[in-house]
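Worksheet for the structure shown next.
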Amino acid sequence: MHKGGVQMNPTLVPFDQKHPRTKYRKNVKMRKTLAAIAIASLALVGLGVSPASSAVKITVSAAPAIDKFATVGTKVSATLAKITPKPSKATLEWLYNGKPVAKATATTYKIPASQNTGRLQLRETAIIGTAKKIVLSNTIQIGELFVVANPQLAYTDGTNTALVITPAQVLPAPVSITYAFARDTETLASDGTMTHTISLADAGTAMAASAKIKAPAGYFDTVLKSPNLTIATTARTYAQVWSDEFDGASGATANPAYWSGQDGDGVAYSNRGWGNNERQWYRFDQSTTNGSGILNMVATKTGASATHCYYGPCEFLSSKIVTKGKVGFTYGRLEARIKAAPGAGTWNAFWTLGSNIDTAFWPSCGEIDVMELLGATPAHLLGYLHGPISDAVGRGNTKDAASPLTDDYHTYTIDWLPDQVTWYIDGVKYGSVSKTDRDWVFNKEFYVILNLAMGGNLGGTIDAGLTSSTMSVDYVRYSTINGIGTLHIYP
């Protein structure tokens, strides 16, 4: 390019500087394009599709649900979750004990034999655009009944003297349901009815209804309990109706109007060693009063070898006295104040047997041990029941004292009610056993026994240096409890 004969070098100028209106038009167009994209994105969200750059708020109004109960061979059905916005895709996984089952991705699942126990659940994964939501169904225990309603317990009326059970409901339908009443931790023996008259033993306890459910094939039996109902406390009042204070003259035997001696080593009673391999020979005159209200039962080696026991010359003479055929008791409070005989091998006992022992035999006749104390463990007190089920093992309680109980006198007591026996030492309760099954044969007359055995299965090895030991009894007393209790006196 030339101007006035001089060549000019042109300068390059950007197009939009040359044409400013073109730049303006371009910016306007860009803004319009961005606005259109934004509007389109909002529209997509409204349609339930999430763009990559947007966060989607997902709402689950109902989790997936599966059948409430199932067992081997059952085809379990699922209802899918209700999710907003609507998922574009959903996948399913059946979980057994928390782990996915291979190829189990349908809305139904048939339980194989290999899964006869364990937990079954469904996991649903919902996809919404690029967002993902995982939700879990309810869990069922394979073979477990579904509880529609637990049993309930209520008073039958405003007098609060009786209780009634509202039935339990389970699915599938059970083969049978047996109801019983529970007192604290013990399920009481059932009489087959849904009502229970409140007893003195119930007072102050937590009662509940118990439903023992026999399940159909493939399901497990179960026991359901109602919430606890606390029964009002009733004070116990005692009226003494019999006692032996052992106030005979010094050297006299126990009152023969009340007591007899069961002498010997048990052979004469077809019970060699008294059933426990004991080492003593009992004599009635080894129990004598001291003239000051105490009966002393003496176990001694002196003169024992002159008597022949089942194992040879006897090692000890001792005493066992019983009220059998003279004084009997049905329910009520029995107590004795005793200073137990010390020394390893001694076996002190204050106990009872069913008066029908000659026909029902032991243990069907029943045995109540008010106190058993071994010289080898003098601070360890035993209180037990023995019946046709519990047999020699028994059911009961123990108490460990702070010091040897052979050091002084202590009062050993039972409260015996038609459906419960409770043990006390020095007025303090340390255990109880209730009527729960056919082992309860303690609903009839019993007689009292006092004895001092030596050695045997429970007494253990006798101290080689022990030559004599004495169990001293201050009294034996019997009282009714709130009018409950019967004394039987025989001529």
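A short reminder: the numbers here are calculations on the coordinates, not readings from a lab. Being a predicted model, the structure only gives us computed values, none of them experimental. With ideal geometry, Cβ positions are generated from the backbone for all residues, glycine too; neighbour counts draw on all protein chains shown.
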For the chain, give me every cysteine whose Cβ has no other Cys Cβ within less than 4.7 Å, ordered by residue number. C365
Considering only C-alpha atoms, what is the centroid distance from region 99-134 to region 277-319, in Å? 78
Between region 164-186 and region 324-398, the alpha-carbon center distance in angstrom: 35
Relative packing of 285-293, 425-433, which averages over residues the other C-beta atoms within 10 Å, highest first: 285-293, 425-433
Measure nothing but the geometry: give the 0 to 90° angle between the long axis through the Cα atoms of 20-46 and the longest principal axis through the Cα atoms of the chain, rounded to 10°. 30
With the convex hull built on the alpha-carbon atoms of region 146-230, volume per residue in Å³ sits at 91
Low-density loop chymotrypsin sites (Phe, Trp or Tyr not before Pro), region 170-248, at most 15 other Cβ within 10 Å, DSSP non-H/G/I/E/B, are F220
Distance-filtered residues of region 275-292 - backbone nitrogen under 11 Å, label point 7 angstrom along A392 Cα→Cβ: 275-277
Using R₀ = 60 Å, calculate the FRET efficiency as 1/(1 + (r/R₀)^6) where r is the Cβ-Cβ separation of M194 and I134; round to 0.05. 0.80
Based on the Cα coordinates of region 59-141, what is the per residue volume of their convex hull in Å³? 83
Label region 238-489 by shape, choosing from rounded, prolate and oblate, from the square roots a ≥ b ≥ c of the eigenvalues of the Cα gyration tensor; if a/c is under 1.5 it is rounded, and otherwise prolate applies when a/b is larger than b/c, oblate when it is not. rounded
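Just order 316-328, 377-389, 474-486 by mean Cβ neighbour count inside 10 Å, highest at the front, would you?
Most protected by this proxy first, the peptides run 316-328, 377-389, 474-486.
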Mind putting together the pair-distance distribution for region 402-468? All Cα pairs, 5 Å bins, whole percent per bin, short to long. 3, 11, 15, 18, 19, 16, 11, 5, 2, 0
Gain upon complete extension [V72, T233; 0.36 nm per residue less C-alpha separation]: 53.0 nm
Quick numbers on the chain, Rg and Dmax over C-alpha atoms in Å, give 42.4, 168
Between F220 and D184, what is the label-to-label distance in nm when each label sits 7 Å out along the Cα-to-Cβ direction? 2.9
Alpha carbon centre of region 199-247 versus region 463-487: separation in Å? 28
Ranking of F146, F329 by count of other Cβ atoms within 10 Å, fewest first: F146, F329
Ranked on Cβ counts within 10 Å of their own Cβ, fewest leading, H488, H196, H308 go H308, H488, H196
